[in-house]
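Peer 1: Pasting a structure below so you can have a look.
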Amino acid sequence: MIDMRTKFFAFASILVLLVVPAAPEDLRYVPLWLFVTYVILTLVCAADSISRNSK
Amino acid sequence: MDTSHLLVILTIAIALGFDYVNGFHDAANSIATVVSTRVLSPKLAVLWAAFFNFVAFLVFGTEVANTIAKDVVIQDVLSIGLIFSGLIGAILWNLITYYLGLPSSSSHALVGGMAGAAIAKGGFDVLVTEGIRKIGIFIILSPLIGLALGFILMVIVQWSTFKSKNVNLTNKIFRRLQLASAAAYSLGHGANDAQKTMGIIFALLISGGYASANEELPLWVVLAAHSAIALGTLTGGMRIVKTMGSKITRLQPVGGVCAETAGAITLFATSAAGIPVSTTHTITGAIVGVGSARRLSAVRWNVASKVVWAWVVTIPAAGIVAGLCMIVVGVVS
């Protein structure tokens, strides 16, 4: 079962990804890096949630 | 003294008043945790925050002010009446949200007010698309940057202090660190928010023919804006009742340090890049990030969702109010 925090970070990563094409070109790296950060946070939180549930 | 001179002086006074109220309103954001953990007395805490609000001009340039003055509305359309209407629109919207208890952002109201007044005067073509796009994108990104940084910092701190046997020593260290994090946040708050007022005053001086767009921002504008926000912090901080810190999630010294540091890093970066962002929404994002590092239920989501709604509604609403003011100003003049 995926917890709320993982879903929240996944939602944030999708939101940031949607912003990428709209960002000015010289600042596009900011939402791109933020997207990568949120994807990592989503994966880490999912792994944490799965390991807690398996105990 | 002719009427346009008087109007300029009146509009500058209103802009500085807006800045003062901003400091008054946001003071609690930077000193709440320092006061609640008794690191500083309320009086010393507001002096601390006000001092760093004021000295921000020594650290940061005036890029945010230039963005507000030159990258929202095209220079040819700027007029004293337009800036006056934009300010009045922002102030009225702030009063409406204050009455309704919505945590709206003064910065969003200001940008929305300027844009709304400009649209009422000359249609959508008078907006600087690139500038508006940059501001709009970072309205969405800044709380999310604060949130991610707050979460990451909190996890790092939790990991590094997990095996600490001396809890008292850890607490003592973080109580002291709060002095630095609160100072950093106040510095970022002073830099980003005071510059918005500077930008408004600069736009006013350009439109009145008192300055040219290629000139440097006059020093008296910089000092007046920082003095107004610092004075607001000094008076507003004295009445700490409930703050963002306790409303959204319960913060301990460790969480306070992480949230303020995350907020400060976001504000430093955006100020250096000349991007006006909402300091309230940035620190709110950071507090949510810190709270969700413990568990997501530690965040009071009803309060956070109110912030998001105010976040969505403020720019168009302030724009409509300012647009109506602009129509009235047009009829009167």
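Peer 1: List the residues of the stretch B:251-277 whose backbone N lies under 16 Å from a point placed 7 Å from the Cα of A:Trp33 along the Cα-to-Cβ direction.
Peer 2: Only B:262-275 pass the distance filter.
Peer 1: Another question, then. Once you compute Rg and the Kirkwood Rh from C-alpha atoms, what is the Rg to Rh ratio for chain A? Working shown, then result.
Peer 2: Numbers: Rg = 13.4 Å, Rh = 11.8 Å.
The Rg/Rh ratio comes out at 1.13.
Peer 1: Still on this structure: Assuming R0 = 56 Å, can you tell me the calculated FRET efficiency for the pair B:Leu169 and B:Ile9, based on Cβ-Cβ distance, to the nearest 0.05?
Peer 2: Computed FRET efficiency for B:Leu169 and B:Ile9 comes out at 0.50.
Peer 1: Which links in B:Lys43/B:Lys196; B:Lys43/B:Lys70; A:Lys7/B:Lys43 stretch past 31 Å when you go from one Cα to the other? Could you put the intermediate results ahead of the total?
Peer 2: Values: B:Lys43/B:Lys196 27 Å; B:Lys43/B:Lys70 38 Å; A:Lys7/B:Lys43 42 Å.
Cα-Cα > 31 Å for B:Lys43/B:Lys70; A:Lys7/B:Lys43; rest within.
Peer 1: OK, next. Only helices at least 15 Å long along their axis, Cα-based, and averaging 1.0 or more on Kyte-Doolittle count here, so list those DSSP H runs from chain B. Don't skip to the end; give the middle numbers.
Peer 2: On the way: long enough: B:3-36 (49 Å, 1.11); B:42-59 (25 Å, 1.81); B:80-100 (30 Å, 1.73); B:106-122 (24 Å, 0.77); B:129-161 (47 Å, 1.52); B:167-207 (59 Å, 0.43); B:219-236 (25 Å, 1.57); B:253-272 (28 Å, 1.09); B:279-294 (23 Å, 0.53); B:301-332 (45 Å, 1.82).
Counting only whole DSSP H runs, the qualifying helices are B:3-36, B:42-59, B:80-100, B:129-161, B:219-236, B:253-272, B:301-332.
Peer 1: Would you work out which of B:Leu219, B:Ala310, B:Val167 lies farthest towards the positive end of the dipole of chain B, given +1 charges on the beta-carbon of Lys and Arg and -1 on that of Asp and Glu, about the Cα centre?
Peer 2: Working it through, the farthest residue towards the positive pole turns out to be B:Val167.
Peer 1: I would also like to ask the following. Rounded to two decimals, what is the ratio between the C-alpha radius of gyration of the protein assembly as shown and 2.2 N^0.38 Å?
Peer 2: Details: Rg = 21.1 Å, N = 388, 2.2 N^0.38 = 21.2 Å.
The value comes to 0.99.
Peer 1: Just to be sure I follow the definition: excluding the sites themselves, where is the longest run in chain B that has none of the chymotrypsin sites (Phe, Trp or Tyr not before Pro) in a DSSP loop with at most 15 other Cβ atoms within 10 Å?
Peer 2: Details: sites that count: B:Phe162, B:Tyr210.
By the stated rule (loop sites, at most 15 other Cβ atoms within 10 Å), B:1-161.
Peer 1: Find the Cα radius of gyration of chain B, compare it with 2.2 N^0.38 Å by division, and give the number to two decimals. Let's see the in-between values first.
Peer 2: Working: Rg = 19.8 Å, N = 333, 2.2 N^0.38 = 20.0 Å.
So the Cα radius of gyration is 0.99 times the expected 2.2 N^0.38 Å.
Peer 1: Shifting gears a bit: Longest span of chain B, sites excluded, free of trypsin sites (Lys or Arg not before Pro) in DSSP loop with at most 15 other C-beta atoms within 10 Å? Could the numbers behind the result be given before it?
Peer 2: Numbers: sites that count: B:Arg38, B:Lys163, B:Lys165, B:Lys242, B:Arg250, B:Arg295.
For trypsin sites (Lys or Arg not before Pro) (loop position, at most 15 other Cβ atoms within 10 Å), the longest site-free span of chain B is B:39-162.
Peer 1: Rounded to the nearest 20 debye, what is the charge dipole size of the protein assembly as shown about its Cα centre when +1 sits on each Lys and Arg Cβ and -1 on each Asp and Glu Cβ?
Peer 2: Working: 25 positive and 16 negative charges, 464 e Å.
Charge dipole, the protein assembly as shown, about its Cα centre: 2220 debye, nearest 20.
Peer 1: Something else: Once fully extended, how much extra length lies between B:Val313 and B:Leu58, figured as 0.36 nm per residue of separation less the alpha-carbon to alpha-carbon distance? Write out the running numbers ahead of the final one.
Peer 2: Numbers: separation 255, 0.36 × 255 = 91.80 nm, distance 3.43 nm.
Separation in residues times 0.36 nm, less the Cα-Cα distance, equals 88.4 nm.
Readers should treat all values here as calculations from the given coordinates under stated rules, not as data from a laboratory. Bear in mind the structure is a predicted one, so any value in this text is a computation, not a measurement. Neighbour counts run over all protein chains shown; Cβ positions are idealised from the backbone, glycine included.
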